[in-house]
Every structure is written in structure tokens, then in C-alpha cells.
Amino acid sequence: MPTKIEKDEVTGVETTGHEWDGIRELNNPLPKWWVYTFYVSVAYAVIWWVLFPAIPFGPSATGGLTGSETRDRVLAEIERVEAERATVRQRLVGAELSYIQDDPTLFTYALTGGRIAFGDNCAPCHGVGGTGQLSYPVLADDDWIWGGTIEDIQHTIQWGVRWPDFEFDTRFAMMPAFGADGILTREEVDQVVDFVLAMSGRADEADPDLIEAGAEVYEWNCASCHGDGGEGMHVMGAPALNNQIWLFGGEREQIWQQIWNPRHGVMPGFAERLDEATIKMLAVYVHALGGGQ
């Protein structure tokens, strides 16, 4: 509360009556420009309140004389964009994948849409940009388990791998548990591991005495799926073994365990989750990551 209103001897202006440590505040009037600006602001607010939605009442608000709402403009813009997208997406659905790759407009649209869809649906497993991780294949190289043509990629995205919901269309392959099921002895598994290490260019890590024996075990038990030279077979879903690209790890113990009692990954099929246009966009994007055949 003001204690004592006095007139300043120097300026002749009254004080507010407040004092702190000998300092008093002059009661000067506000600048006229500030006062007029304030009045204009108040008038503007009143006019806005009359003309436009302003005061909320539960789920709605006062409509104003104009009835104008920015939400209406946003919805109209969304409808316009969706109509444009629908036209392009219809072209995607009706076009062959090879045509999409050759058409600059469709290809650019598919790459952009595919990148977004990949981030939403694929990146948690395959990594941003298809870099992969342990147990999840890299999609940016030229090593493909089920084939790397754009049609192969589309089929894998659409129907998945070992996905039970699409029993007749999903990619399916099962590697026998050579050790756990008693097909091979521990000694034979050891031999195959050394042979596979040598085949992949890591002969310095293998036991020379076991490589020759491992080659025979490999020929009788593994070559029918993985190929005589370990090149793999897309039709069998058997990965290459001669390139040091390992889905479940390339350490000796990891290779041994995969032969003894293998792990098998599962990829969901997206036929019921994504529409046809989005699946095609994903196929185009993945194929363009750098390793498409």
C-alpha cells in the first residue's frame, strides 16, 4: 500500500507513494501512443469476438457472425491432397513394377512414399535405410535369401516369411536341426563349421585337419540347399555361406549353434496390413536401397 504521496521537487510530478531504500516512483502517465494502442487492441478483440469463433462452450464455441473456421479450411485442404494422392495411387496399383521404375513421376512418388512406409513398418527390425542387425537381414546389400528382383521383394513384403496367416503364399524354409535331431554327430558338426569358415574366406580360423572331412559332410548334408560352392539358393530360401554375411552371427560358436539347432526368423506378411499401392512403393524403395537385382 502507498505510504505517502508526495510531489517530486525536481520534476513536479506526484509520486506513487511507494518507497524502497530511499527510491521513490514517479506517477507519470503512460505514453499516449501506448494508451491508444491498448484501446485499439481492445476494440480489435471485441470485433474479432463478434465476427469469428472465440469463446468455447463445452465441445463447441461461439460461431461468430462470419461462421468462418480454420478447421474447415484444413479439412478442405486434406480432401484436396487425398484426391491428388488417390489419382497417383490408382496409377501405381494398375502399373507393373518395371513401368513404375521407368516412369519418373511414379518412381519419385513411390520412393518417397516407400521411405515413409519403411520407417513406419520395417525400420524397427531392418534398421533405418535397411542397414539390418543381428537376426534381421540387411536390405541395402546384394545378398538376398529369397531373391532380390523387385518382384521377389514385393512377394516377400506381401506374404512374409514363415508367416502363419498366409500358409500357402508365405516364404517358407526350415533348416534341419542336424545336431539336436541326431542327424550329425558333434564331431561332424565341428568339421562342417571349419569347412564353412574356410569356404567364406576365413581358412586361417579353421583347423586344416577338419576342412577336408567337413567338405564331405557338407556335400552330403548341406550342398543340396546352400549350393556346392556355398552360393545359396533363392528358391530354397537358403542363404549364401561364402560371403561372410551372417544372419545369426559369424563367430564359430554362432555358426556351430545354427547347424546344431538352428533359429528361424519370422517376418509378417503385409497383405492385410497395407494396401497394394503401399506394398508396391515399399518394393520400389527397398529395391532402390542399393542391392536390388
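The values are calculated or read from the model by the stated rules, or taken from the named source; none is laboratory data. What you see is a predicted model; the values in this text were computed from it and never measured. With ideal geometry, Cβ positions are generated from the backbone for all residues, glycine too; neighbour counts draw on all protein chains shown.
Quick look at the values:
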read-out	value
Selected residue (only one of 118, 107 is of a type in the set (Phe, Trp, Tyr), in the same structural domain as residue 150 (by TED's automatic domain parsing), touching a Phe, Trp or Tyr at 6+ places or on another chain (Cβ under 7 Å) and closer than 18 Å to residue 151 by Cα)	118
Among the candidates 195, 248, residue that is part of a loop (DSSP other than H, G, I, E, B) and not β-branched (Val, Ile, Thr)	248
In the range 76-121, the residues that are over 16 Å from residue 277 (Cβ atoms) and under 21 Å from the mean Cα position of the chain (by Cα)	119
Extreme residue, nearest to residue 289 (Cα to Cα), among residues of the range 128-140 that are within 11 Å of the chain's Cα centre (by Cα) and surrounded by fewer than 16 Cβ atoms within 10 Å (Cβ to Cβ)	129
Test result for residue 246, of a type in the set (Phe, Trp, Tyr) and within 22 Å of residue 270 (Cα to Cα)	no
Residue list for the range 55-75, restricted to those being more than 40 Å from the chain's Cα centre (by Cα) and either among the aliphatic types (A, V, I, L, M) or under 30 Å from residue 16 (Cβ atoms) (or both)	55, 65
In the range 225-241, residue surrounded by the fewest Cβ atoms within 10 Å (Cβ to Cβ) [restricted to those that are in a helix (DSSP H, G or I) and in contact with a strand residue (DSSP E or B) (Cβ under 9 Å, 6 or more places away or on another chain)]	225
Residues within the range 108-139 that are within 19 Å of residue 265 (Cα to Cα) and either part of a loop (DSSP other than H, G, I, E, B) or polar (S, T, N, Q) (or both), tallied	11
Count of residues meeting criterion [over 39 Å from the mean Cα position of the chain (by Cα) and surrounded by fewer than 19 Cβ atoms within 10 Å (Cβ to Cβ)] in the range 161-188	5
Residue 191 of a type outside the set (Gly, Ala, Ser), in contact with a Gly (Cβ under 7 Å, 6 or more places away or on another chain) and surrounded by fewer than 14 Cβ atoms within 10 Å (Cβ to Cβ)	no
Enumeration of residues in the range 185-221 that are small (Gly, Ala, Ser) and either touching a Lys or Arg at 6+ places or on another chain (Cβ under 9 Å) or at negative phi (or both)	198, 200, 203, 206, 213, 214, 215
Qualifying residues in the range 203-222 (those that are part of a helix (DSSP H, G or I) and small (Gly, Ala, Ser)) - the one surrounded by the most Cβ atoms within 10 Å (Cβ to Cβ)	214
Extreme residue, modelled with the lowest pLDDT, among residues of the range 265-293 that are over 17 Å from residue 146 (Cβ atoms) and part of a loop (DSSP other than H, G, I, E, B)	290
Matching entry among 273, 252 (being out of contact with any Gly (no Cβ under 6 Å at 6 or more places or on another chain), among the basic types (Lys, Arg) and assigned by TED's automatic domain parsing to the domain that holds residue 132)	273
Of all residues in the range 15-54 being in contact with a strand residue (DSSP E or B) (Cβ under 9 Å, 6 or more places away or on another chain) and part of a loop (DSSP other than H, G, I, E, B), the one that is nearest to residue 68 (Cα to Cα)	53
Number of positions in the range 141-158 that are assigned to a helix (DSSP H, G or I) and either surrounded by fewer than 21 Cβ atoms within 10 Å (Cβ to Cβ) or out of contact with any Lys or Arg (no Cβ under 7 Å at 6 or more places or on another chain) (or both)	8
